[in-house]
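The values are calculated or read from the model by the stated rules, or taken from the named source; none is laboratory data. It should be emphasised that the depicted structure is a prediction, and the values quoted were computed from it without experimental measurement. Using ideal geometry, Cβ is built from the backbone for each residue, glycine included, and neighbour counts are taken over all protein chains shown. Ligands, DNA and RNA are stripped out before the accessible areas are found, and what is left, the full protein with its side chains, is counted by its heavy atoms. Shrake-Rupley method; radii C 1.70, N 1.55, O 1.52, S 1.80 Å.
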Amino acid sequence: MTVPHVPGVHPAWLPPEAFRAAGARRVLVLGDDSALAATVRAEVADACERHGGAVAAPGEACDLVLALPSAGDLPPAVRALREPEPGAEGFVLGRADGVTAVLADDPAGLLYGWFEVARLGEAAFGEARPATAHRPALRRRMLDHWDNIDVHPVMGQVERGYSGGSIFWRDGALRTDLTRVRAYGRLLAATGVNAVAINNVNVHTAEAHLLTDRLGEVAAIAAELRPYGIRVHLSVSFASPIVLGGLDSADPLDEAVREWWARTTERVYETIPDFGGYVVKADSEGQPGPFAYGRSHADGANMLADALAPHGGVVYWRAFVYNHRQDWRDRTTDRARAAHDHFAPLDGRFRENAILQVKYGPMDFQTREPISPVIGAMPATRLAVELQVTQEYTGQQRHVCYLGPMWSEVLGFRFRGPGEPTVAEVAAGGGLVAVSNVGDDPYWTGHPLAQANLYAFGRLAWSPELGPAAILDEWIGLTFPGGGELVRGTLHEMMDGSWETYERYTAPLGVGFMVRPGHHYGPDVDGYEYTPWGTYHFADRDGVGVDRTRATGTGYTGQYPEPWSQVYESLAECPDELLLFFHHVPYEHVLRSGVTVVQHIYDTHFAGAEEAAGIRLAWEKLAGAVDPALYARVQERLDEQVRCAEEWRDQVNAYFLRKSGVPDARGRRIY
């Protein structure tokens with residue numbers, strides 16, 4: 001086992017310098033003979049070789065101990081740090097009598113503890129610190145790759161990917177050198193991620209064969225990720241028995257179909273014993289599913305859960321099911337209602353190893369949405385909450401948009417008020433899942449600053465209570481070692497409020513979309529207004545917004561429990577930032593902020609474009625303070641962000657001036 005360092009690829013938050021504090025000391029590792037313990041030993045040896053420290057033998061003096069207590073006698077200074085219990089994947093970190101110790105019940109905990117020491121740097125070796133347990137709040141912390149083996153004629157090699165091609169496949173075949181895949185696993189492990197689904201949820205022909213005759217490719221990827229504690233999952237087509245097995249049906253209650261899945265799954269585990277399970281998109285946007293046979297989603301998910309159960313696997317069944325052939329004339333049909341309508345009646349009917357994967361909002365990863373009511377409506381079902389790290393609707397890695405604050409709000413939301421479970425607590429048994437933003441770009445994420453979103457996802461999946469500014473501070477310290485306060489302060493100035501900046505110059509007050517159809521980049525206010533996709537804002541000469549109330553609209557507000565059902569129903573109580581998601585209001589409606597809706601649109605779009613220009617100006621302070629190539633890449637992306645923000649400003653403001661006839665109270669130029 002060697003630590004992967006890939007020439008020509010940015011090290012992200014794991015540059016060698018990040019391990020200087022630990023690598024300059026004498027380090028004792030007391031592990032077992034597992035692959036993960038071998039990884040910890042390799043990490044320690046690599047750091048010590050680079051920074052002048054030494055790997056200590058049992059009984060020798062040491063500064064840092066990484067130990068499974070069952071693996072040998074602990075040094076006297078460490079024995080008192082045994083409490084509290086670390087738990088599965090967790091670790092206890094403390095310092096006493098000049099020795100820093102990481103203690104864990106399993107090798108995964110040692111690995112995560114090693115990366116925590118790297119985060120702390122010299123602070124890990126300062127004053128004595130009490131023994132503190134670090135445990136993951138969510139059991140499963142997974143990234144979904146929307147990678148295709150073959151380049152799709154519309155979506156490319158990575159659907160909604162903005163960072164180049166796949167790190168797994170190239171030219172229709174598995175890459176011959178998978179060193180970068182192992183380096184990717186290392187980056188993920190350093191944030192606490194422990195699972196990856198490697199292919200697109202829209203399973204095309206080539207990708208379908210990963211389940212059978214191309215399973216060796218999955219095994220090869222799993223072998224690279226395994227040393228860092230990451231279990232591989234596979235997106236599969238519900239129609240696989242037909243596409244791959246030659247059957248004439250995929251009916252989940254057909255015994256021949258069930259037997260096919262059982263045999264196929266058994267072969268998967270014979271090849272990859274630690275395989276994680278399946279991800280399924282069914283009866284959604286043209287993908288096959290159980291509706292074709294008059295069966296429910298519980299029937300479909302349970303069939304796969306039964307095939308996986310003997311091997312300890314799980315099926316993630318996505319709840320992204322809605323009518324994508326809606327008649328825009330029909331104001332009673334509401335895409336936001338769809339997931340709850342389909343799945344809430346099925347609560348309690350899913351197997352224990354079937355996890356319902358629910359997008360955090362009811363629509364589709366918009367810049368601002370309410371929390372999906374499905375998350376609060378299925379207490380007898382294991383749920384995973386799905387986020388989107390790839391910036392499909394938040395600037396596509398061409399705009400700085402740090403999403404940590406959004407995700408922190410989502411995970412901390414309580415459906416039933418103070419003292420009740422948060423979204424993170426509801427999802428604890430199912431997990432947190434996100435669509436990855438990684439590709440084969442030298443900076444991993446296209447925009448170097450978009451790495452912060454990938455880092456933040458992992459850290460929030462481990463500790464949802466962490467503050468997004470603190471997570472960003474960690475990422476800056478690791479990624480720009482030695483950058484000092486100039487780099488740290490400038491990046492906070494640019495990124496802390498960048499999500500709200502992006503929101504200001506794009507779709508207002510929770511209305512959503514307003515993007516170019518298809519590729520979803522740049523403004524097109526009416527782009528989806530008369531399409532079958534159900535993504536409408538209903539702007540007319542009198543007002544704007546979607547009436548989702550029980551009193552006069554689609555009734556969507558009734559899917560929430562109290563107090564939110566009443567809050568969202570009420571014009572007086574509905575939060576300003578979600579007003580147009582829940583209500584159709586006149587342009588002169590006065591927000592709780594004291595300004596009218598149309599004036600708010602003008603003000604925020606002018607302000608957002610100005611803030612984007614300010615972000616670019618701030619970056620100029622770092623010329624000469626960061627790597628020149630990285631500086632140039634960010635500068636190029638910021639130029640595009642400023643241009644695009646101005647286009648958003650001008651198109652949105654002109655649209656609403658022409659619709660409403662209400663001039664800007666401040667007399668600014670609107671076209």
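Taking trypsin sites (Lys or Arg not before Pro) across the range 617-667, the ones in a DSSP loop with at most 16 further Cβ atoms lying within 10 angstrom of their Cβ are 666.
Take every pair of alpha-carbon atoms less than 8 Å apart whose residues are at least six positions apart; their mean separation over the length of the range 454-570 yields a relative contact order of 10 percent.
If R0 is taken as 45 Å, the Cβ-Cβ distance between residue 1 and residue 516 corresponds to a FRET efficiency of 0.45. Full extension of the chain between residue 588 and residue 493 gives 30.8 nm of extra length, using 0.36 nm per residue less the Cα-Cα distance. A simple spin-label model places the labels of residue 486 and residue 632 2.0 nm from each other, with each point 7 Å out along Cα-to-Cβ.
With both labels modelled 7 Å from their Cα along Cα-to-Cβ, the residue 151 to residue 416 distance reads 5.3 nm.
Computing FRET efficiency as 1/(1 + (r/R0)^6) for residue 266 and residue 621, where r is the C-beta to C-beta distance and R0 is 41 Å, gives about 0.10. Computed from Cα atoms, the angle from the helix 468-479 axis to the main principal axis of the chain rounds to 50 degrees. Normalised by the number of residues in the chain, the average gap of Cα pairs under 8 Å and 6 or more apart makes the relative contact order 11 percent.
Excluding same-chain neighbours fewer than eight residues apart, the aspartates and glutamates reachable from residue 281 by a Cα-Cα span under 16 Å are 144, 147, 159, 207, 251, 299, 364, 386. The heavy atoms of residue 473 present about 50 square angstrom of accessible area, all protein chains included, probe 1.4 Å. Under 5 Å from the amide H of residue 144 lie the amide H atoms of 197, 434, 435, 436, each residue being 5 or more positions distant or on a separate chain, with H modelled from the backbone and absent for Pro and chain starts.
Carbon-plus-sulfur fraction of the accessible area of the chain, 1.4 Å probe, in percent? Carbon and sulfur atoms account for 50 percent of the accessible area of the chain.
Each of the GluC sites (Glu not before Pro) that DSSP puts in a loop and that has at most 13 other Cβ atoms within 10 Å breaks the chain; the longest unbroken stretch is 128-284. Basic side chains Lys and Arg get +1 at the Cβ, acidic Asp and Glu get -1 at the Cβ, and with that the dipole of the chain about its Cα centre reaches some 320 debye. Compared with the dominant Cα axis of the chain, that is its longest principal axis, helix 179-191 is turned about 80°.
Loop-located chymotrypsin sites (Phe, Trp or Tyr not before Pro) in the range 520-552 (DSSP state other than H, G, I, E, B) with a sparse environment of at most 10 neighbouring Cβ atoms within 10 Å: 530. With each label modelled as a point 7 angstrom along the Cα→C-beta vector, the residue 242-residue 82 pair spans 6.0 nm. Efficiency by 1/(1 + (r/R0)^6): what FRET value for residue 42 and residue 470, r their Cβ-Cβ distance, R0 = 30 Å, to the nearest 0.05? Efficiency at R0 = 30 Å is approximately 0.55. Our summary gives the range 429-512 a relative contact order of 18 percent, counting only alpha carbon pairs under 8 angstrom and 6 or more residues apart. The reciprocal of the average 1/r between distinct C-alpha atoms defines the Kirkwood hydrodynamic radius, which for the chain equals 26.2 Å. Which trypsin sites (Lys or Arg not before Pro) in the range 499-591 sit in a loop by DSSP (not H, G, I, E or B) and have at most 10 other Cβ atoms within 10 Å of their own Cβ? When the trypsin sites (Lys or Arg not before Pro) of the range 499-591 are filtered for loop state and at most 10 Cβ neighbours within 10 Å, 541 remain. In Å², and per residue, what accessible area does the chain have when probed at 1.4 Å with the other protein chains present? With the other protein chains kept in place, the chain gives 35 Å² per residue.
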